[in-house]
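What follows is a short report on a single structure.
Just so you know, all these numbers are worked out from the coordinates, no wet-lab data involved. Fair warning: this is a prediction, and the values are worked out from it, not measured in the lab. For neighbour counting, all protein chains shown are included, and Cβ atoms are generated from backbone atoms with ideal geometry for every residue, glycine included.
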Ligand SMILES: [Zn+2]
């Protein structure tokens, strides 16, 4: 989720927590439904407060996953709240079946803990009598009891084995003990997609949010499976296996007009820029298009050259580079070792390398 569509709420444990703009649609939906039911403003306010309290529990759920992942060597960038729940953005995920099991279980365990605390408070300290309670609308009297029930619902719902939901991840990690991670992911993905279709069909009749969740599962399952396939194929390779020494070049004093003429004739994602024959940087296709827009075609390459482009080293594992390039939307990177320019790594070549290796792997 891109940050420009979300509002930052805070940074507990160094993890950026933000709420996506579509969350406001959920609030609007709640308000509209409440008005439709003829509720008083105070009652509507209680419903909205309940959603906030519920999503606070969702944040704690995601923090549960995140802190477990960090403890086991993973890396968590952010947590984003969507109308359908929370999403922790892990840039590095523990892969051992046992670790994955712990990380997946940690979220639902948080909700079990919250429900337990509320249960003790309501039934032992406040000695609530459920038989006399009203559940027509959310009130101060039933607020915490409903919050407890909602936390239990989150646990049950998340444990449905619909990969990539928590239950599906638990299922995959259990399968991974007996088979390869790729095979386990494939089975979990297939089952996840069956659930997704059930959710979508059921959602059409009962709840539009279930339809959205269904689509999220469909896309998420497919995306993660693709990622694992890449990981499986690229596992034994490093940058030096696909470093390209055939690339398009430009001089730092060339005009953008010349660069644009060349651009339409090449298939690379950018140019290697030379200054006095020596490597001076990489000009990506996007940088060039943006440069043409802002500086015009008579400007020189040096006027728009971004000198902050990252570089990679030869022995970096290919899958690691691949995930980073995907995440940062980088399509071409210079390969630099001990300050010497060795060639480029083009995402296009990486895809082709993957397809070729995969084809030869399955026929072997
Ligand atoms: Zn979860």
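Annotations
- Take the Cα of residue 338, step 7 Å toward its Cβ, do the same at residue 124, and the gap between the two points is 6.6 nm.
- Region 17-106: proportion of alpha-carbon pairs further apart than 23 angstrom, %: 38 percent
- The chain: angle of helix 285-295 to the longest principal axis, Cα-based, in degrees nearest 10: 80 degrees
- Potential lengthening between residue 360 and residue 320 on full extension [0.36 nm per residue; Cα-Cα distance subtracted]: 12.2 nm
- Spherically averaged projected area in nm², based on the convex hull that wraps the Cα atoms of region 239-363: 8.2 nm²
- Packing, as the average of other Cβ atoms within 10 Å across residues, places the peptides 306-313, 169-176 in the order 169-176, 306-313, highest first.
- For the chain, built as a Gaussian network whose Cα springs stay under 10 Å, the top-fluctuating residue of 13, 163, 354: 13
- Computed over the chain, the per-residue total of -39500 (n - 2.57) for DSSP H runs of n ≥ 4 gives a 222 nm mean residue ellipticity of -18500 deg cm²/dmol, rounded to 500.
- Kirkwood hydrodynamic radius of the chain, from the reciprocal of the average inverse Cα-Cα distance over all distinct pairs: 24.0 Å.
- Relative to the longest principal axis of the Cα atoms of the chain, helix 97-120 runs at roughly 30 degrees.
- Taking the square roots of five times each eigenvalue of the Cα gyration tensor of region 143-258, the equivalent ellipsoid has semi-axes of 42, 22, 14 Å, listed largest first.
- Inter-part distance, region 165-218 to region 289-317, computed on C-alpha centroids, equals 41 Å.
- Förster radius 25 Å - calculated FRET efficiency between residue 302 and residue 266 (Cβ-Cβ, nearest 0.05): 0.80
- Top of 133, 87, 148 by mean-square fluctuation, Gaussian network on the chain, Cα under 10 Å: 133
- Comparing 287, 166, 232 in a Gaussian network model of the chain, where Cα atoms under 10 Å apart are tied by springs, the biggest mean-square fluctuation is seen for 287.
- Using alpha-carbon coordinates, inclination of helix 166-176 to the longest axis of the chain, degrees: 60 degrees
- D (Stokes-Einstein, µm²/s), Kirkwood Cα radius, region 62-152, 1.567 mPa s at 4 °C: 86 µm²/s
- Applying 0.36 nm per residue to the separation of residue 71 and residue 143 and subtracting their alpha-carbon distance, the gain on full extension is 22.5 nm.
- Here region 227-313 is treated as a sphere whose radius is the Kirkwood value from Cα pairs; by Stokes-Einstein at 25 °C and 0.890 mPa s it diffuses with a coefficient of 172 µm²/s.
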